1. Got a number for residues in region 29-56 being at pLDDT 95 or above and more than 19 Å from residue 153 (Cβ to Cβ)?
2. Taking residue 164, is it at negative phi and assigned to a strand (DSSP E or B)?
3. Give the residue that is farthest from residue 97 (Cα to Cα), with candidates limited to residues of region 152-185 that are in contact with a helix residue (DSSP H, G or I) (Cβ under 6 Å, 6 or more places away or on another chain) and surrounded by fewer than 22 Cβ atoms within 10 Å (Cβ to Cβ).
4. For the structure I just gave you, tell me whether residue 60 is touching a helix residue (DSSP H, G or I) at 6+ places or on another chain (Cβ under 7 Å), in a helix (DSSP H, G or I) and modelled with pLDDT of 95 or more.
5. Between residues in region 182-210 that are free of Cβ contacts under 8 Å to residues at least 12 places away in the same chain and residues that are assigned to a strand (DSSP E or B), which pairs lie under 9 Å by C-beta distance while being six or more apart or on different chains?
6. Which is within 15 Å of the chain's Cα centre (by Cα) and either surrounded by fewer than 22 Cβ atoms within 10 Å (Cβ to Cβ) or not in a strand (DSSP E or B) (or both), of 231, 247, 293, 304?
7. From 55, 25, 18, 39, grab the single residue that is in contact (Cβ under 8 Å) with a residue 60 or more places away in the chain and not in a helix (DSSP H, G or I).
């Protein structure tokens, strides 16, 4: 079996948000890359996504932000409700869109930069000593380093991080779809053990719907499974027709289980570094999954350039920067999930008072959104 020599290239396993952003960031630093994607085309399912300032800043530096924003929506505020009554309205700084549009914008930039991507290449094994990777089509490539960007079910993580556990059900199931409405803001609706979020994703009335229910009934970890409207209405029977109007306009409604993996003590191994959901899958309650993937990618590329691709040094600083940040966001997201799905009316009343009259939400979001990767890197490098 012949080995294709790409020893001057970093191999990126996975052509999603983390992988393609890493490709762009590395190419801009003059570092050769090759992305291996198991599908036959770059694509994403039609779920909505919100990108906050902490990720918009690196996207801007990578030349991606404007093309992404142009095909998305910038809501002015987030409005929170409980049982149909407004709790609080806050200004927001996020861009709302679909995952597909974000992937398209990043992919287009990667191609512009001369990035190489090979489709129908599914990871099989990696010799971490020689840095030779084998795919299920029996092709073998010799690389300088490997980035595992292959998502929550990461085979790279499973094979090269022995302490890694398989994904487990978080206790939350989510319904989603893209409908139509005149919604101009992010609309949060809390109910007993559930919450609903509606937000615009473009200027043509397309609106993302997400409804989450806390339940012990396990749901498959797949965005492809269609759910029944009868089951959906049963889960969200506490909400009125107006709140459910976006869901009613959705042609197909999907249900997926939200899965988690325990945090790793290390996200780096010999010649292998994990990024995005492969390193730290997030529950979606702070809208930071995609943002953390972008932060990871930008951080790794910046360190690779500043440290002349001395990967042992790059990995040491990458972990020093990313592990605390990602662990904090993971923990905060789980806490937010518990707050979003309170069933007890008295506890919900207290939560709503805190949300209405204290600065806790603003302080938390600012703490996440104000983060600047370049400042963090400069601080550590001195």
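The values are calculated or read from the model by the stated rules, or taken from the named source; none is laboratory data. Since the structure is predicted, the reported quantities are computational estimates derived from the model, not experimental observations. Glycine gets a Cβ as well: all are built from the backbone with ideal geometry, and neighbour counts include every protein chain shown.
1. 14
2. Judged against the criteria, residue 164 is not a match.
3. Step one: filter region 152-185 for residues in contact with a helix residue (DSSP H, G or I) (Cβ under 6 Å, 6 or more places away or on another chain), giving 152, 154, 157, 164, 175, 179, 181.
Then drop every residue that is not surrounded by fewer than 22 Cβ atoms within 10 Å (Cβ to Cβ), which leaves 152, 164, 179, 181.
Details: 152: 22, 164: 32, 179: 13, 181: 14 Å.
Of everything passing the filter in region 152-185, 164 is farthest from residue 97 (Cα to Cα).
4. Spelling it out, it is not the case that residue 60 is touching a helix residue (DSSP H, G or I) at 6+ places or on another chain (Cβ under 7 Å), in a helix (DSSP H, G or I) and modelled with pLDDT of 95 or more.
5. If the second residue must be assigned to a strand (DSSP E or B), the pairs left are 204/180.
6. On the way: 231 fails: within 15 Å of the chain's Cα centre (by Cα); 247 fails: within 15 Å of the chain's Cα centre (by Cα); 304 fails: within 15 Å of the chain's Cα centre (by Cα).
Within the list 231, 247, 293, 304, the selection yields 293.
7. Values: 55 fails: not in a helix (DSSP H, G or I); 25 fails: not in a helix (DSSP H, G or I); 18 fails: not in a helix (DSSP H, G or I).
Only one candidate passes the filter, namely 39.
Here is a yes/no grid of residues against (1) within 29 Å of residue 6 (Cβ to Cβ); (2) at pLDDT 95 or above; (3) not in a loop (DSSP other than H, G, I, E, B):
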position	(1), (2), (3)
79	no, yes, yes
87	no, yes, yes
96	no, yes, yes
103	yes, yes, yes
111	yes, yes, yes
117	yes, yes, yes
121	yes, yes, no
144	yes, yes, yes
